[in-house]
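Asks: This structure is in structure tokens; I'll ask about it shortly.
The values are calculated or read from the model by the stated rules, or taken from the named source; none is laboratory data. Keep in mind that this is a model prediction, so the values were computed, not measured. So basically every Cβ, Gly included, is an ideal-geometry build from the backbone, and we count neighbours across all protein chains shown. Calculation scope for accessible area: heavy atoms of the full protein, side chains included, ligands and nucleic acids excluded. Shrake-Rupley method; radii C 1.70, N 1.55, O 1.52, S 1.80 Å.
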Amino acid sequence: MVEIDTTGGPGFGFEHFKQLDFLRDKEIVLTFDDGPWPLNTPSVLKTLAEECTTGVFFPIGKHSTYYPEVLKQVAAAGHTIGSHTWSHATLTNKKLTEDQRKEEIEKGFSAVKWALGASPLTFLPLPGAWSIRPRW
């Protein structure tokens, strides 16, 4: 596990912050947001297993409560699991209060923990923060 100090703002993953990069040349991290889904997720898990690789999954909290058995398959396959908030709310939305933002985050992690029967890692990509998001 790598801990990244973000107190100075986002500074990881950009060419001008290369000194913070812990990946080797041509090494990537596969991330999957917004699931779990009963049709897509098993297909993604099968493909990753066929390629002998793992990924990092960021389920939406309420989706995790819909399909806990699918999220358990992700964990059983040895993938890393974080959270992607409760409802995929854009946390930078100025209409949300600070308490609403905290609730989105906390409910998301609680729902994933309930679905898994164990705590996820405290990884949280912000919804809407990236332009490319694979759906699983």
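Asks: Testing F123 on (1) at pLDDT below 85; (2) closer than 13 Å to D34 by Cα; (3) not hydroxyl-bearing (S, T, Y), one condition comes back false. Which one is that?
Replies: Of the numbered conditions (1) at pLDDT below 85; (2) closer than 13 Å to D34 by Cα; (3) not hydroxyl-bearing (S, T, Y), the odd one out for F123 is (2).
Asks: Which residues, counting only those in the stretch 64-77, are open to solvent by 60 Å² or more (accessible area, probe 1.4 Å) and either in a loop (DSSP other than H, G, I, E, B) or farther than 19 Å from P38 by Cβ (or both)?
Replies: Answer for the stretch 64-77, where residues must be open to solvent by 60 Å² or more (accessible area, probe 1.4 Å) and either in a loop (DSSP other than H, G, I, E, B) or farther than 19 Å from P38 by Cβ (or both): just Y67.
Asks: What are the residue pairs meeting all of these: first residue in the stretch 50-63, first residue part of a loop (DSSP other than H, G, I, E, B) and open to solvent by 20 Å² or more (accessible area, probe 1.4 Å), second residue of a type in the set (A, V, I, L, M, F, W, C) and modelled with pLDDT of 90 or more, Cβ atoms under 9 Å, and 6 or more apart or on different chains?
Replies: T54/L48; T54/A77
Asks: Can I ask one more? Those residues that are open to solvent by less than 20 Å² (accessible area, probe 1.4 Å) and touching a Lys or Arg at 6+ places or on another chain (Cβ under 8 Å), I need them from the stretch 35-49; list them, please.
Replies: G35
Asks: A further question on this structure: Give the residue that is surrounded by the most Cβ atoms within 10 Å (Cβ to Cβ), with candidates limited to residues of the stretch 78-102 that are among the hydrophobic types (A, V, I, L, M, F, W, C) and part of a loop (DSSP other than H, G, I, E, B).
Replies: W86
Asks: For the stretch 89-101, check the following and say yes or no: at least one residue is small (G, A, S) and either at pLDDT 95 or above or within 18 Å of L30 (Cβ to Cβ) (or both).
Replies: Within the stretch 89-101, none of the residues are small (G, A, S) and either at pLDDT 95 or above or within 18 Å of L30 (Cβ to Cβ) (or both).
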